[in-house]
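Note sheet for the following structure.
The values are calculated or read from the model by the stated rules, or taken from the named source; none is laboratory data. Keep in mind the model is a prediction, meaning the values are calculated, not measured. Cβ coordinates were reconstructed from backbone atoms using ideal geometry, including for glycine residues, and neighbour counts include every protein chain displayed.
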Amino acid sequence: MNDSKKFRLLVVCPHFEPDTAPTGAVMTRIVSELASLGNEVHVVTSLPWYREHRVESEWSHVSWSKRSSPTAWGSIVRLNPFAGSDKRNILRRALGFIGFTVTSTIAALSVTRRHDVDAIVVMSPPLTLGVGAKVVALIRRIPMILNVQDVFPDAAIRTGVITNGLVIRLARAFERWTYRVSSAVTVLSDDLRDNVSGKLPRRSRGRVEVIPNFVDVEAITPCARSTRYRAELGLGDGPVVMYAGNVGFSQSLGLIVEAARALPQATFVINGSGSARADLEAMAVGQANVVFGDFQPAERLAEVLGTADLHVVPLHAGLGSVSVPSKTYSILAAGRPILASIDPDTEVPRILQASGAGVAVPPDDPEAFIDGIRKLLADPERLESMGLRGREFVENGVSPRSVAERYVDLIRRVVG
């Protein structure tokens with residue numbers, strides 16, 4: 001096939017700009033780069049809902065219907081996500097995923113009736129979207145590429161979100177089926193590739209390909225630590241340790257409160273929202289050096305990240321091989337170092353070692369976590385040097401254009 005061939009693509013994903021989910025930002029930029037390479041892209045997604053786990057007020061007037069709009073590069077169809085405000089209600093979430101899967105499948109069939117497409121790219125989680133995309137792929141006789149951001153149900157099982165034995169067996173069987181019926185499966189790291197390919201027959205393992213997420217080094221740039229956001233939170237000029245991202249149950253965020261008790265000379269900022277925030281706020285009552293910050297618009301991301309002297313990326317044990325926190329590259333782009341509390345010999349520790357931009361300690365280990373922060377804060381010159389090396393690392397290796405080109409190469413192979 002001629003390398004200059006342009007493709008017509010259907011993308012099905014749970015989040016897309018202006019939704020604030022990290023995976024939405026990833027898919028939005030990938031679509032933008034695919035379009036800049038001359039490809040036509042049609043997107044089926046949800047109305048913006050990630051921030052508060054309900055449709056944002058300015059979109060609520062279309063929350064029970066779909067909204068379709070043409071773009072310069074194709075079209076976008078937005079659907080009700082059937083989201084519930086309580087992420088811990090597994091049945092409610094499952095029903096929401098099923099509802100969105102049904103409506104997105106209908107929308108995808110409508111889009112592919114109006115526009116001939118060469119391939120479908122569908123994001124997981126939720127894994128159910130793969131079923132709808134496969135239905136469309138079979139009817140339209142086109143290949144389906146499954147983009148795996150987190151391995152489900154492994155993450156839910158390891159965090160105790162799913163405990164019922166029958167549900168676990170059914171979910172794992174469903175997961176394996178989805179991989180088998182995909183023309184290709186993309187994952188973010190070697191760990192995720194090993195995980196997914198191990199669930200496929202030997203003859204099918206070659207369809208799993210590593211394509212990492214990217215970071216926009218033009219939008220996220222280093223800044224001085226004396227930011228406006230630091231002043232807004234009243235943090236003063238002392239050392240700041242920050243967790244920025246989804247405050248969920250897969251993150252070992254209790255470590256931050258324990259570190260704050262042991263290191264009163266530093267301020268610990270937990271910036272973001274999520275299902276675990278209320279529990280974390282209760283745990284931090286009376287701890288004056290723990291500060292909670294609310295979600296900030298995307299244009300302030302560099303400023304928020306630049307407010308900290310050190311960022312932490314804590315994942316519970318067992319999750320390092322099924323999830324790659326997208327915040328890692330963003331922190332490095334902001335020129336800030338990382339202390340990761342995560343499984344050894346997984347993707348984030350490898351990134352930190354290759355870049356020289358941080359330190360990894362064992363997961364769920366308060367003593368190692370506290371000692372790591374103490375040593376890093378005691379050496380400001382080392383922190384600054386790590387930040388500079390992290391910035392250089394992402395500038396040289398993880399650009400949006402290079403990631404999009406890898407997707408185009410994969411599409412060319414599965415279509416061909």
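Annotation note: of Gln296, Gln265, the sole residue that is at pLDDT below 90, of a type outside the set (Asp, Glu) and surrounded by fewer than 22 Cβ atoms within 10 Å (Cβ to Cβ) is Gln296. For Ala360, the requirement of being of a type outside the set (Lys, Arg), in contact with a helix residue (DSSP H, G or I) (Cβ under 8 Å, 6 or more places away or on another chain) and not assigned by TED's automatic domain parsing to the domain that holds Glu258 is not met. Could you say whether any residue in region 317-336 is buried (at least 24 other Cβ atoms within 10 Å of the Cβ), of a type in the set (S, T, N, Q), closer than 29 Å to Ala231 by Cβ and in contact with a Ser or Thr (Cβ under 9 Å, 6 or more places away or on another chain)? No, region 317-336 has no match at all.
Applying the set (1) surrounded by 21 or more Cβ atoms within 10 Å (Cβ to Cβ); (2) part of a helix (DSSP H, G or I); (3) modelled with pLDDT of 90 or more to Val26 leaves exactly one unmet item: (3).
Only one of (1) in contact with a Pro (Cβ under 8 Å, 6 or more places away or on another chain); (2) of a type outside the set (Ser, Thr, Tyr); (3) without any contact (Cβ under 8 Å) to a residue 24 or more places away in the chain fails for Pro363. Which number is that? Failed condition: (3).
Residue check: Lys66 meets all listed conditions (1) surrounded by fewer than 20 Cβ atoms within 10 Å (Cβ to Cβ); (2) modelled with pLDDT of 90 or more; (3) over 18 Å from Thr28 (Cα atoms); (4) in contact with a strand residue (DSSP E or B) (Cβ under 6 Å, 6 or more places away or on another chain) but one, namely (2). Residues of region 27-69 being touching a His at 6+ places or on another chain (Cβ under 9 Å) and either under 29 Å from Leu410 (Cα atoms) or of a type outside the set (Ser, Thr, Tyr) (or both), which ones? Hits for region 27-69 are Met27, Thr28, Glu40, His42, Thr45, Ser46, Pro48, Trp49. Checked against the criterion of being modelled with pLDDT under 95, small (Gly, Ala, Ser), over 21 Å from Leu263 (Cβ atoms) and not in a loop (DSSP other than H, G, I, E, B), the candidates Ser330, Ser321, Ser385 yield just one match: Ser330. Listed here are the helices (runs of 4 or more DSSP H) enclosed by region 205-310 that have at least 2 residues being touching a residue at least 40 places away in the same chain (Cβ under 8 Å): 228-233, 254-262, 301-306. Looking across region 36-79, just one residue is assigned to a helix (DSSP H, G or I) and in contact with a helix residue (DSSP H, G or I) (Cβ under 9 Å, 6 or more places away or on another chain), and that is Ser36.
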